[in-house]
Amino acid sequence: MNSQLEEKLAGLPVGTGVYLMKDRHGEVLYVGKAVNLRSRVRSYFAKAGGDSRAFIPLLEGLVADIDKVLVRSEKEALLLENELIKKYRPRFNVQLRDDKSFICLRLDVAHPYPRLEVVRRFKRDGAVYFGPYSSASSIRESLRIINRYFQLRTCSDYALQNRRRPCLLYQIGRCPAPCGYPIAQEEYRRSVEEVILFLHGKTPELTEGLQWRIQDAAGKLNFEEAARVRDQLRAIQRSLERQQVALSEPIDEDVFSLHREGDRLVIYALYVRVGRITGGQAFSFSGQEFPNEELLGSFVNLYYADENFIPKEVLLSVDPGGLESLSALLSERKGERVRILVPKRGEKVDLVRISQRNAEQAFRERKRTKEEADQLLESLQRRLHLPVIPRRIECYDVSHFQGSTIVASLVAMTDGEIDKSRYRRFKIKSINAQDDFASMHEVLLRRLSRGIRENDLPDLVVIDGGKGQLASALAAMKDAGASGIEMVGLAKSRDLEVHDNGKGAVRSPERVFLANRKDPIVLPQSSAELFLLTRLRDEAHRFAITFQQSLMRRRNLRSALEDIPGVGGGRKKALLKHFGSLKRVRGASIEELAAVEGLGSAVAERIHAFLHGAARDNVESEDAIREASLEDAKAV
């Protein structure tokens, strides 16, 4: 850390304000707000392990200067943060780059003959706005129903004033043609009010009015009009039924959740209007290493800054802090009270879960681009001091059950993506007792020896473990005669001793051990590089565990069947293929056993008697042991 930065950290005030992190060229990297500038900014550079914001290597390597601006309140800090993010567009802030993402409908009720317009922004101009809509297709569906059954004009104001004869829409009964005929404004206004009820989802009021119109037209023997309104009512009811009712109260809400893997982030906005889910929208970001809470709070502040529709309630999946100030700011923008909640129970939590699932799905659908993958591998090369870009990475893990059934797994990654075609599983052959170091040595020796013969070696090997496991892997590489392969050990986070008067458990960060280096490297805990390594480690662990469990099930089945007189390998395979598990074999009747191919009634009776007799023998032996223990206790 340079002396100028240390001096800035030492002189930070305790007041509320905004801070700007800059690199050595003066470029703004991150803009944040804080109630206590001294506490917040210093926490980024704290040396204590386990802090989710402890991306110390990133900050010390990039941040050269910190500017701050003191303000009078947290609400002012929110406003200033918003303006500075828009001005500098910092690298590590989430930003709404696409100004055309929000589609909504505008209805100018002050016009004598209003029409619906598709617009991209909510404005405070006295018009009524509906939305935002999640896609152009959803807004087209709403317009199709309105044009067919409510018959508002679709032409522009210029066409309305200058047209001399009605257009085709009048001919097919989709428009009353106020451009060419003297349409009563009261009649047109009734259609406008019905459109507002329809787009607001107010089903009871709308259907009640349409039913009254049907009865009125029928009473006047105007059956054609009654049939037209009846068809309109049915179409509206079908459309409203497709909108999922999410809340028991008819309220407008926006629900924000996020899903993150490393530096990639998706924030999903779920829209609820009048208690009904009307759609949602995903916002994808990359290169984000700051904490989830800060990113979500900054995003919400930006989202509602550009005249977007502000609902009465905003639900968040995590608490960004400063909810009261953000609520006051949105209330001021809307002109009425806006509540911001982080729900813990009830139907609002269900909405957050729906938003969360959509965020996860949107993240899965957005694959990392080749350019992003190349940048990630190059960054991993720099941070781990590797001589080449690790395009082929392999990770190894050892698994056992109480020292037996020892297995190992190999999972692979090519160009930053999981490569299941290169997965391998190993049975440990050289040892029969638990010895992770020896097991790792055997697996790497076998893999690298074959790789030398087939000219198929990885660029980087990741070992699940610390210095001991890494030393075994390096010894195996030397014994195999391999070269040019980099090896690292990834040690899991662990609990540390607590000396802070019981303020809570402290965990160490994930650590990366390198060959010929005493101290491990601590990667930023929210970085894409660490996520890539931990993802590989967890996948290797999963792959090893599933293989070990599979072997255990097969061994247990063989051990139970191999002692049955007259049942050889062929019959054991037939039983396993037919029933699938030992539990089903034990639960089968003599008739069901006899139905297995290759087994007759006599063999079926023998198998049934053996299995059930063995079960009774087990119970009797357990009872005998229990009685003997009781006798011993009485003697004592």
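Among the listed pairs LYS22/LYS518; LYS370/LYS420; LYS420/LYS577; LYS22/LYS492, give every one whose C-alpha distance is greater than 24 Å.
On the way: LYS22/LYS518 32 Å; LYS370/LYS420 19 Å; LYS420/LYS577 27 Å; LYS22/LYS492 32 Å.
Beyond 24 Å between Cα atoms: LYS22/LYS518; LYS420/LYS577; LYS22/LYS492.
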What is the fewest-to-most order of ILE428, ILE172, ILE145 by other Cβ atoms lying within 10 Å of their Cβ? ILE172, ILE145, ILE428
Using the Cα atoms of the stretch 103-181, I'd like the radius of gyration and the largest Cα-Cα distance, Dmax, both in angstrom. 13.2, 38
Plugging the Cβ-Cβ distance of LYS220 and ARG357 into 1/(1 + (r/R0)^6) at R0 = 60 Å yields, to the nearest 0.05, a FRET efficiency of 0.70
Apply the a/c threshold of 1.5 to the C-alpha gyration tensor of the stretch 283-343 and tell me whether it is rounded, prolate or oblate. prolate
When the Karplus curve 6.51 cos²θ - 1.76 cosθ + 1.60 is applied with θ = phi - 60°, which whole-Hz ³J(HN,Hα) does each residue of the stretch 599-604 get, with x for Gly and Pro? 10, x, 5, 5, 5, 4
Multiply the residue separation of ARG124 and GLU605 by 0.36 nm, subtract the distance between their alpha-carbon atoms, and state the gained length in nm to one decimal. 164.7 nm
What is the local net charge at VAL69, summed over the other residues whose Cβ is closer than 10 Å to its Cβ (Lys, Arg +1; Asp, Glu -1)? -1
Can you sort LEU160, LEU258 so the residue with the fewest Cβ neighbours within 10 Å comes first? LEU160, LEU258
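Every read-out reported here was derived from the displayed coordinates using simple, explicitly stated rules and does not represent laboratory data. A quick note: this is a predicted structure, and the numbers were derived from the prediction, not measured. Note that we place each Cβ from the backbone using ideal geometry, even for glycine, and neighbour counts take in every protein chain shown.
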